[in-house]
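Just so you know, all these numbers are worked out from the coordinates, no wet-lab data involved. Values in this document were obtained by computation on a predicted structure and should not be read as measured data. Neighbour counts are summed over all protein chains in view; Cβ atoms, including those assigned to glycine, are modelled from backbone coordinates with ideal geometry.
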Amino acid sequence: MAARTILHVDMDAFFVSVELLRRPELRGQPVVVGGTGSRGVVAAASYEARSFGVFSAMPTARARRLCPHAVFLQGDHRLYGEVSERVMAIFRSFTPLVEPISLDEAFLDVTGARRRAGDGPTIARAIRTRVYEEEQLTCGVGVAASKLVAKMASAAAKPRITPTGPKPGLGVLVVAPGEEAAFMHPLPARRLWGVGPKTFERLARLGVNTIGDIAALPLPTLVHAVGDAHGRHLHAVANGVDDRPVEPEQQVKSVGHEETFPHDVYDGERLRREIVRMADAVASRLRAAGLAGRTVVLKLRFGDFRTITRSVTLGSMVDDAPAIARAAGDLLAAVDPAPGVRLLGVSVSGLGGGPARQLSFDDIGARSWGDASGAIDQIRARFGEAAIGPAAAMGRDGLRIKRRGDDPWGPSSDP
């Protein structure tokens, strides 16, 4: 059987590039997108900003120190999601086998499209052309016989960061079947999927610097260094073995919201109000997706960055805000907020179809929320998300409805 043809498409500085479409005067300047407050984090940086050492997931405060003359823009998750949907639609016009990894990257299995659309490199170039013509955005594409190698190839195809500024990349990089070792083995070991800081520290003691060094290690040595399962995995992928399929229909495992506060919160009552607001948002998303869940998870990060999670598994599936808020509130009651809460999150996992349970006398009051939730959804569909909501979400400027993508990179300003 002929080898598969897998593409990995990775948009170039996606969030920044989308912002530059509406702020073209910023082209060529260092631009950073994310949370602009002191507690924010960087979502994306232009290649000009990356030349100063600014990268995604970096605290905004550090990014400002590294590149004080950069333009910092608050991220607009909803806009990026809309653009991402259009880009993914372009991918799906070539093959239905598209596996989104995030808003700005995806795997495509184009094996079945080769007769209609051409070989892998031809399809890759066609995708880049379509994305640029329709969205004025650029991307890097890796072409290989496996997901692992395709992803590494796309990284090598993207623009390069140099001390004198960004340099254009290849755009498309092809690793033909049989050439995996020649491509991968000279690369740093940290580039290999599964080699994090702790794993690399252990491998470095064995003299490992490159992926080729990992591939050359005897399997028993690798297993002894990092454990049986992890060692076998690294041995396989370092030798280019990766038969994972592209999975277009990935089941959602959890639905949740979290928020970083501009300043630490010590008041338990304030936290309970925030839980009600987040539970309302989580419940709305569950119902919109036709899902319900059995496990409610509460996440708290304190001012010293210590993070804890608490969870409870309920006796029945839920998709209504009061049930989620009640469960999360009970979990909060067992936590002391005295150290100051920096981040709060509420999520529901153990997902399945809509709620189905046997009604008991204790459930009669709660059961009425099924009809109430449906009415809430209809009102919001007609009049907007902020038309109705829990009283706990009422602020001086009206309802503070928690929407998906609100400040995912931290607060936009300081108190």
Compute the long axis of helix 228-238 from its Cα atoms, compare it with the longest principal axis of the Cα atoms of the chain, and write down the angle in degrees, 0 to 90, nearest 10.
50 degrees
Over the chain, what is the mean sequence separation of C-alpha contacts under 8 Å (at least six apart), divided by residue count, expressed as relative contact order in percent?
16 percent
Can you find, among 317, 189, 199, the residue farthest towards the positive end of the dipole of the chain? Put +1 on the C-beta of Lys and Arg, -1 on that of Asp and Glu.
189
Amide H proximity to residue 210 below 5 Å, modelled H, separation 5+ or other chain, gives 189
Suppose every K and R has +1 on its Cβ and every D and E has -1 on its Cβ; what is the size of the dipole of region 94-159 about the Cα centre, in Debye to the nearest 20?
300 debye
Taking a threshold of 29 Å on the Cα-Cα distance, which of the pairs 198/299; 151/253; 147/299; 198/253 fall above it?
147/299
J(HN,Hα) series, region 11-16, from Karplus relation 6.51 cos²θ - 1.76 cosθ + 1.60, nearest Hz, glycine and proline x
5, 7, 6, 3, 4, 5
Give the cross-link partners of residue 167 among the aspartates and glutamates, using a straight C-alpha distance below 14 Å as the criterion and excluding same-chain residues fewer than 8 apart.
12, 48
Please give the charge dipole size of region 6-176, origin at the Cα centre, charges +1 on K and R Cβ atoms and -1 on D and E Cβ atoms. Round to the nearest 20 debye.
340 debye
Top of 319, 12, 264 by mean-square fluctuation, Gaussian network on the chain, Cα under 10 Å
264
Taking alpha-carbon centroids only, region 100-160 lies from region 302-316 a number of Å equal to 39 Å
Of the DSSP beta bridges with both residues in region 6-176, give the percent that are antiparallel, rounding to the nearest 5.
75 percent
Beyond 25 Å, what share of the Cα-Cα pairs of region 6-176 remains, rounded to the nearest whole percent?
33 percent
What dipole magnitude, in Debye to the nearest 20, does the chain give about its Cα centre under +1 on Lys/Arg Cβ and -1 on Asp/Glu Cβ?
480 debye
I'd like the distance between the alpha-carbon centres of region 208-280 and region 35-76, rounded to an integer number of Å.
24 Å
Count the DSSP beta bridges whose two residues both fall in the chain, then state the antiparallel fraction as a percent rounded to the nearest 5.
90 percent
